[in-house]
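Right, one structure below, let's go through it.
The values are calculated or read from the model by the stated rules, or taken from the named source; none is laboratory data. Just so it is clear, the model here is predicted, and its values are computed rather than measured. Quick reminder, even Gly has a Cβ in these numbers, built from the backbone with ideal geometry, and neighbours come from all protein chains shown. Ligands, DNA and RNA are stripped out before the accessible areas are found, and what is left, the full protein with its side chains, is counted by its heavy atoms. Shrake-Rupley method; radii C 1.70, N 1.55, O 1.52, S 1.80 Å.
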Amino acid sequence: QVQLVESGGGSVQAGGSLRLSCAASGDSLSRKSVGWFRQAPGKEREGVAAIARIGNTVYADSVKGRFTISKDNAKNTLYLQMNSLKPEDTAMYYCAADDRWYLSGLARTGWSYWGQGTQVTVSS
C-alpha cells in the first residue's frame with residue numbers, strides 16, 4: 001500500500017499559476033499509475049491528468065495546454081503544474097495511485113489510493 005499527501009494549494013487570481021505536489025510513502029510511484037482529480041462541492045469528481053505506469057500521459061481537454069503532470073521518482077513525488085488558471089479550475093484537488101500498468105482515460109473508478117486533497121481557489 002501507498003500513502004499520498006497533497007500540498008501546494010492556495011488562492012490565486014485568474015491567469016496565475018500554482019504547483020501542486022503529492023508526496024508518496026510506503027511504495028514507489030515508479031511502480032504505479034498516478035493521477036490528479038478535482039471536485040467542487042456538490043459536483044462530480046473529474047479527472048485532470050494522469051500518467052500510466054507504462055508511461056503514457058493523459059489530460060482532460062479542459063486543462064490541455066495549461067496543466068502539466070510530472071513525476072520525480074527520486075523524490076517519490078507527483079506534481080501538477082497549473083498555469084493560466086481560470087475560475088472554473090476552483091476545486092479540491094486529489095492525487096491518486098493504482099498498481100495497474102494501463103489506464104483507460106481519466107475514469108474515477110479503479111484507483112486504489114487517494115490523498116486527502118488540497119484546495120485551489122481561482123478568483124476573477
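Scanning the range 64-92 for residues that are over 15 Å from Gly15 (Cα atoms), polar (S, T, N, Q) and surrounded by fewer than 15 Cβ atoms within 10 Å (Cβ to Cβ) yields a total of 2. Scanning the range 53-63 for residues that are closer than 12 Å to Trp36 by Cα and either in contact with a helix residue (DSSP H, G or I) (Cβ under 6 Å, 6 or more places away or on another chain) or open to solvent by less than 50 Å² (accessible area, probe 1.4 Å) (or both) yields Val58, Ala60, Val63. The set of residues from the range 36-63 being among the basic types (Lys, Arg) and over 13 Å from the mean Cα position of the chain (by Cα) comprises Lys43, Arg53. Counting only residues that are at pLDDT 95 or above, part of a loop (DSSP other than H, G, I, E, B) and either touching a His at 6+ places or on another chain (Cβ under 6 Å) or β-branched (Val, Ile, Thr) (or both), the range 61-119 holds 2 of them.
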